[in-house]
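Since the structure comes first, as structure tokens, the remarks are kept for the end.
A short reminder: the numbers here are calculations on the coordinates, not readings from a lab. It should be emphasised that the depicted structure is a prediction, and the values quoted were computed from it without experimental measurement. Neighbour counts are summed over all protein chains in view; Cβ atoms, including those assigned to glycine, are modelled from backbone coordinates with ideal geometry.
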Amino acid sequence: MVYWCAVLAYEFDEEKGIIRDKLTGERCIVIYEKGLESVFKGLSQIFKAGIEVLLEESSRAAGKHIADSLGRDGKTDIKGSLSAYAKRFAQVGFGRFEVTELRLEEAGTMRFRVWDNIFADIRDKESTYCAYVAGLLSGIYEGLFHVSPKVKEVKCIGHGDPYCEFLLTLKVP
């Protein structure tokens with residue numbers, strides 16, 4: 001069985017100035033924390049309170065793409081897939097993800113911890129950009145179970161907790 005995340009490896013084409021992920025073949029970029037912070041703060045100035053919705057919705061689409069890229073095997077071995085996601089997210093610098101709760105009966109409950117979450121470390125006054133992680137996890141959940149979850153950040157590094165923790169549950173109408 002092949003998971004979305006095997007070993008993180010890149011190819012750099014010096015002539016073209018392009019970085020590609022060896023596993024997916026997708027083009028990649030490297031962005032430093034201060035660059036990411038500048039982008040987010042610029043968007044915050046333009047969109048004000050709407051930045052959280054913008055980040056969550058755009059990253060939700062990315063999460064769905066990740067879930068869709070798994071194919072059938074990944075969607076039947078959800079625990080293995082989530083472990084692979086966690087490893088991949090750490091490898092790209094998001095922080096160390098840990099699945100701490102996984103109840104799979106139908107569309108169940110998932111709980112994730114994110115240690116050293118870059119999106120919590122980057123702040124605009126008292127606000128963090130954890131909405132990006134919430135959206136990413138929501139998109140993965142939706143891609144796996146074909147329903148939108150309720151996502152709640154129950155702990156946050158930006159508020160003094162040692163890690164960020166996200167609880168995903170089935171939305172009840």
Self-check item: Net charge dipole size for the range 15-100 [Lys, Arg +1 and Asp, Glu -1 on Cβ; Debye, nearest 20]
Solution: 140
Self-check item: the chain - convex hull of alpha carbons, volume per residue in Å³
Solution: 123
Quiz item: Which of these, GLU98, GLU33, GLU56, has the largest mean-square fluctuation under a Gaussian network model of the chain (Cα springs below 10 Å)?
Solution: GLU33
Quiz item: What FRET efficiency comes out for the pair VAL53/VAL92, r = Cβ-Cβ distance, R0 = 25 Å, nearest 0.05?
Solution: 0.60
Quiz item: What ranking of ARG88, ARG111, ARG96, ARG60 emerges when the number of other C-beta atoms within 10 Å of each C-beta is taken as an exposure proxy, fewest first?
Solution: ARG96, ARG111, ARG88, ARG60
Quiz item: Going by how many other Cβ atoms sit within 10 Å of their own, how do CYS130, CYS156, CYS164, CYS28 line up, fewest first?
Solution: CYS28, CYS156, CYS130, CYS164
Quiz prompt | Cβ-based charge dipole, the chain, positive-most Cα from VAL30, PHE12, LEU167 | solution = LEU167
Practice problem: State which entries of LYS79/LYS155; LYS79/LYS152; LYS34/LYS152 exceed 25 angstrom in Cα-Cα distance in the structure shown. | Solution: LYS34/LYS152
Quiz prompt | Cβ-placed point charges (K, R +1; D, E -1), dipole of the chain about Cα centre in debye, nearest 20 | solution = 280
Practice problem: Report the one residue of SER127, HIS65, LEU104 whose Cα lies farthest in the direction of the positive end of the charge dipole of the chain (charges on C-beta: Lys and Arg +1, Asp and Glu -1; origin at the Cα centre). | Solution: LEU104
Exercise. Quick one: which residues, 5+ away or cross-chain, put their amide H under 5 Å from the amide H of ILE122? H built at 1.01 Å from N.
Key: TYR129
Quiz item: When a footprinting reagent is the concern and you count Cβ atoms within 10 Å, what order do LEU43, LEU136 take, fewest first?
Solution: LEU43, LEU136
